[in-house]
Amino acid sequence: MGNYNNEDLKRLFFMPKMYGDGDAASHILEFAKEKNIDLNMPIIPIFYKDIEIFFESKLCTIIHVCAYFNQPITLEKLNKNGVKIDIPDDKGNQPIHYIWDINIAKKLQGLGADVNAKNQNEEIPAMTYLRNYLEFYRLWPSEETINEVVLGLEEWTKMGALLDTKNKSAKNLFDIFSQNFQQHADYIQSFYQNFPKNQYSISANGEVTTLRLHHGGSGTETGDSRAIWIRSNEERPR
């Protein structure tokens, strides 16, 4: 049984931001040892409102915190010292569900995380990643946000994420994308040149621009093909 209180857990929660990537690991390990805190248990209250609201979670592990705050070196050091990277929070989210930066997802995968792990809503990490950016886009629409979202889909595919996985609402990532993502079509067209041609295609006429993601085959071969972004050009912001 640990000898810690809520203030100790609050201090632990903010250590990644307080000490920075890499340096935070030794402070976290020393403090956990001093207070007899089991770092492999989701016992840390979420003191960051954005996380609590977005994930509807109340308790997480220190690995969730490091993943959210983009700390790859700290993640690796903690893992080398026996801290597991796949313990879920109280809503079934593994640390890889918390990421904003696709490079953190790659780091966690390299340490053994499952890119197709599901939370209680049966969402895989690519879905929570997308929802993060859709919310960010809603508040601050920008070309950079669009770039992160669309190119992020490509990276998740490369990592082996099953992007057609359906959540409890029977929605997959493409459904979420097409229902929520709206922006100037020219932005997406400018990014298309960076996509593998056998996975993406874009078409436009005077009225409608469509971004289509192909999986299970190229645009000209047999396979599932889904339009993930359709917008009337008349509705585009100028």
Net charge of neighbours whose Cβ lies under 13 Å from the Cβ of N40, counting Lys and Arg as +1 and Asp and Glu as -1: -2
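Quickly rank 6-12, 78-84 as a protection proxy: mean count of other C-beta atoms within 10 Å, highest first.
78-84, 6-12
Since every read-out is calculated from the coordinates, none of them should be taken as a lab result. Keep in mind that this is a model prediction, so the values were computed, not measured. Please note: Cβ atoms are built from the backbone with ideal geometry, for glycine as well, and neighbour counts cover all protein chains shown.
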